[in-house]
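A.B. asks: Encoded as structure tokens, here's the structure I'll be asking about.
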């Protein structure tokens, strides 16, 4: 059984990760973490009490973090200190923070992905193939839409799509961000030639697809050697 810790357990993603992991026989929940000052600190969640002590990481095998860049950066120090595996889905990270992830992955195993959804990661694999077959006569742009409270724009997923398509084509690929209502997450990739247009769209119906991907990653990374892994590694 994998001892699992969860960051930001009072947030929308953290709470759902806790709920689905609680019903999974492969996990034993050992840490429900929230930032200091949160009113829920000390209250019960399942069989645990919500804690603000990140030193509780020593109780875990794998720690899952879908929080904010500042909190995720602190997480990196502690997973290295206690030699614990990390599943990191936080987006909006700066270049220095990403370099820190790379450094920490020399000490512990880290699955890092801007999107843990299985369908999105299949797209990451096939988009370069489509772009290369269509060739330079086709323009490419990305449109992404999320809920109005999402802070980073473009999304981490859109940035990853921009990166892999830029590598495949040698061109800069623009992305457009929409922040409205309670949209969970939509990404549309448009390939447009002079006489035709191809649109590939991924729509998230609920946060559960990200949670299920994260829990799959947590099972996969348990016992793995230090290194920086992606969801492509998990799916293989």
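No value in this document is a laboratory result; all are computed from the given coordinates. Keep in mind it's a predicted model, so treat the numbers as computed, not measured. So basically every Cβ, Gly included, is an ideal-geometry build from the backbone, and we count neighbours across all protein chains shown.
A.B. asks: Please give, to one decimal in nm, the separation of the simple spin-label points placed at residue 149 and residue 203, each 7 Å out from Cα toward the Cβ.
C.D. replies: Calculated label separation equals 2.3 nm.
A.B. asks: Run the helix sum for the chain: -39,500 (n - 2.57) per DSSP H stretch of 4+ residues, divided by residue count, reported at 222 nm to the nearest 500 deg cm²/dmol.
C.D. replies: My calculation for the chain gives -11000 deg cm²/dmol from helical runs alone.
A.B. asks: Could you sort the peptides 89-99, 117-127, 156-166, 194-204 by per-residue average Cβ neighbour count (10 Å cutoff), highest mean leading?
C.D. replies: 156-166, 117-127, 89-99, 194-204
A.B. asks: Please state the equivalent ellipsoid semi-axes for the chain: what are the square roots of 5 times the Cα gyration tensor eigenvalues, largest first, in whole Å?
C.D. replies: Gyration-tensor ellipsoid for the chain: 34, 19, 16 Å.
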